[in-house]
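The values are calculated or read from the model by the stated rules, or taken from the named source; none is laboratory data. The structure presented is a predicted model; accordingly, all values stated were derived computationally and were not measured. Neighbour counts run over all protein chains shown; Cβ positions are idealised from the backbone, glycine included.
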Amino acid sequence: MAQAEMFEFGVEQGQMLQVLLRHCQTMKRQETRLRLATAMLLAMFVATLVWLQFHQQNTTEAFSGAHPGALTTDESTIGHTVNLEPFGQIDACSEQQPIKWFNKNHGSDSQHFKLENQTVLYIVTKGLYLINLRISYRIAHGQCEAITDHLTLVVNVTQQHRNYKGEREIISAKESMICTEYWLQSITLNKAIMLEAGTSLRVRINQKSCKFVNWFSNSHLDVTSLALAAF
């Protein structure tokens, strides 16, 4: 019996040793895989760092080699505005006669805008500009006696440049106004547009509405530089 027990004990010990050996082999394989995975992660991390460093160096060289004028704008020009008010009633209300203006800035922005002959506003520098125009109308006592029902109001802003064959319309409006005493109405136009250096701006209204313009109240033309052109 003692020999049988010893034999069974030996068999059990052998089985346990085999299990232990298989466990060690499994752990070794897992450790090898873990080491390989760690090595691969480290390699990917190093490659990423190298790529980032190379990319940053190229980007820095590109910016450092760029022309300063292509990356910056002249902030001294951006935001300048010319404020114009009607100078008075259009002579004989001629439809071809542009509105005359008075420069409220007193010529302080002559390096950016120039008003000539009181009717032509010249743009000195090429760029993006915001045009803000308001024409107010008022019907005085007795002005509607020979008119029935409604009046037609037409306002347009044009640009002219040496590269154009003629004047080009920038923005316009056409509205109807009730013809009744002391009636008040206004037309407001706004538009952002790219203008070439040397562009001339004019404002015109239709002849029939000329005598109803409230020339000295709430009518104005403002032009503001928003940004300069890159080229």
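Please enumerate the residues belonging to the range 177-189 that are loosely packed, with under 12 Cβ neighbours inside 10 Å and either in contact with a Lys or Arg (Cβ under 6 Å, 6 or more places away or on another chain) or part of a strand (DSSP E or B) (or both). If the condition is that a residue be loosely packed, with under 12 Cβ neighbours inside 10 Å and either in contact with a Lys or Arg (Cβ under 6 Å, 6 or more places away or on another chain) or part of a strand (DSSP E or B) (or both), then Ile178 is the only one that fits.
If I ask for residues that are under 26 Å from the mean Cα position of the chain (by Cα) and not in a strand (DSSP E or B), which ones from the range 137-166 would you list? Across the range 137-166, the qualifying residues are His161, Asn163, Tyr164.
The one condition from (1) under 26 Å from the mean Cα position of the chain (by Cα); (2) modelled with pLDDT under 95 that Met177 does not meet is (1).
When Ser176, Ser186 are checked against the criterion of being farther than 18 Å from Glu85 by Cβ and small (Gly, Ala, Ser), Ser176 stands alone in meeting it. For the range 190-197, check the following and say yes or no: at least one residue is out of contact with any Leu (no Cβ under 6 Å at 6 or more places or on another chain) and surrounded by 18 or more Cβ atoms within 10 Å (Cβ to Cβ). Looking through the range 190-197, at least one residue is out of contact with any Leu (no Cβ under 6 Å at 6 or more places or on another chain) and surrounded by 18 or more Cβ atoms within 10 Å (Cβ to Cβ). Taking the criterion of being more than 22 Å from the chain's Cα centre (by Cα) and buried (at least 16 other Cβ atoms within 10 Å of the Cβ), the residues of the range 123-136 that qualify are Ile135, Ser136.
In the range 188-211, the residues that are more than 21 Å from Glu175 (Cβ to Cβ) reach residues that are of a type in the set (Lys, Arg) with C-beta atoms within less than 8 angstrom, at least six apart or across chains, in these pairs: Met194/Lys126; Leu195/Lys126; Glu196/Lys126; Ala197/Lys126; Gly198/Arg162. Condition check for Lys174 on (1) part of a strand (DSSP E or B); (2) touching a residue at least 40 places away in the same chain (Cβ under 8 Å): one failure, at (2).
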